[in-house]
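To keep things clear, I will list the structure first and then write my remarks on it.
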Amino acid sequence: MNRTHTRITLLAAPLALLLAGCAIIPTPATPAAETAADPQAAFMARLNVLCGKSFAGRIVGSAPAGADDDMAGQPMVMHVRSCTGTRVEIPFHVGTDHSRTWIITRTATGLRLKHDHRHQDGSSDAVTLYGGDTATPGSPTRQAFPVDAESISSFRANGLDRSVTNVWAVEVSAPTDPNPRFVYELSRPAGPNARLFRVEFDLSREVATPPTPWGW
């Protein structure tokens, strides 16, 4: 082997090691990339964008006929009152009724939706903190919450057997959506207890902050 060839070989060896080392070092994921890979994190992030804001809503789906007549025509406002990366509290005001707060939390296995329901004096309703946990990752725009065992037990104890197949869903548009909406939905499968309640809030226009929900 001549000296020129030896010199080239000696220079090439460190370069090959350097390139090999670079090949096995993964590119660090950016926070945006991590959120995109986790639809539930993206969903919570979208809710946090709305923190402190209030929006007017209207019923866009109701079945059976007459099931929501007590709400029809009343002003509806949601207020994203408190937010962290793992918990968002959203009071839902219907007219002068300030009894309802939706609570969405991040758990070790997914997302959980609970309904905090109180009386005007601040005491808890007999049926409160009912809801469910996600069974699938969902998407950044929609998460579904089938009823959990604790809620089923509470419903049956309070004569609400029709509610033991409840599935709730929450939808939230991306901030860049030209027609941004927040949607709350309650549904039950077809049958004698079939149910649909769907209320939609316009995120393009803020409204005045409603009163503090009862008991908070």
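The values are calculated or read from the model by the stated rules, or taken from the named source; none is laboratory data. For clarity, every value in this text was computed on a predicted model and none was experimentally measured. Cβ coordinates were reconstructed from backbone atoms using ideal geometry, including for glycine residues, and neighbour counts include every protein chain displayed.
From G61, G57, G66, grab the single residue that is in a loop (DSSP other than H, G, I, E, B) and either modelled with pLDDT of 95 or more or over 24 Å from A144 (Cβ atoms) (or both). Reasoning before the result, please.
Values: G61 fails: in a loop (DSSP other than H, G, I, E, B); G57 fails: in a loop (DSSP other than H, G, I, E, B).
So the residue among G61, G57, G66 that is in a loop (DSSP other than H, G, I, E, B) and either modelled with pLDDT of 95 or more or over 24 Å from A144 (Cβ atoms) (or both) is G66.
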Handout entry: Count of the range 163-207 residues which are of a type in the set (A, V, I, L, M), within 14 Å of the chain's Cα centre (by Cα) and not in a strand (DSSP E or B)
Key = 1
Problem - T6 being among the β-branched types (V, I, T), modelled with pLDDT under 50 and not in a loop (DSSP other than H, G, I, E, B) - result: yes
Exercise for the section: Could you tell me which of the residues G159, G138, G132 is in a loop (DSSP other than H, G, I, E, B) and buried (at least 17 other Cβ atoms within 10 Å of the Cβ)? Expected result: G138
Fill in the blank from the handout: With criteria (1) surrounded by 13 or more Cβ atoms within 10 Å (Cβ to Cβ); (2) more than 26 Å from S62 (Cα to Cα), D121 comes up short on (1)
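Return the only residue of V172, V147, V207 being in contact (Cβ under 8 Å) with a residue 60 or more places away in the chain, of a type in the set (A, V, I, L, M) and either buried (at least 19 other Cβ atoms within 10 Å of the Cβ) or within 22 Å of A41 (Cβ to Cβ) (or both).
On the way: V147 fails: in contact (Cβ under 8 Å) with a residue 60 or more places away in the chain; V207 fails: either buried (at least 19 other Cβ atoms within 10 Å of the Cβ) or within 22 Å of A41 (Cβ to Cβ) (or both).
Residue meeting the stated conditions: V172.
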Handout entry: Residue tally, condition within 21 Å of P211 (Cα to Cα) and either modelled with pLDDT under 95 or assigned to a loop (DSSP other than H, G, I, E, B) (or both), over the range 69-78
Key = 6
Practice task
Run N193 past the list (1) at pLDDT below 95; (2) surrounded by fewer than 12 Cβ atoms within 10 Å (Cβ to Cβ) and report the number of the one that doesn't hold.
Solution key: (2)
Practice task
Return the residue satisfying two criteria in turn: it lies in the range 15-54 and is at pLDDT 50 or above and in contact with a helix residue (DSSP H, G or I) (Cβ under 8 Å, 6 or more places away or on another chain), and of such residues it is farthest from P210 (Cα to Cα).
Solution key: A36
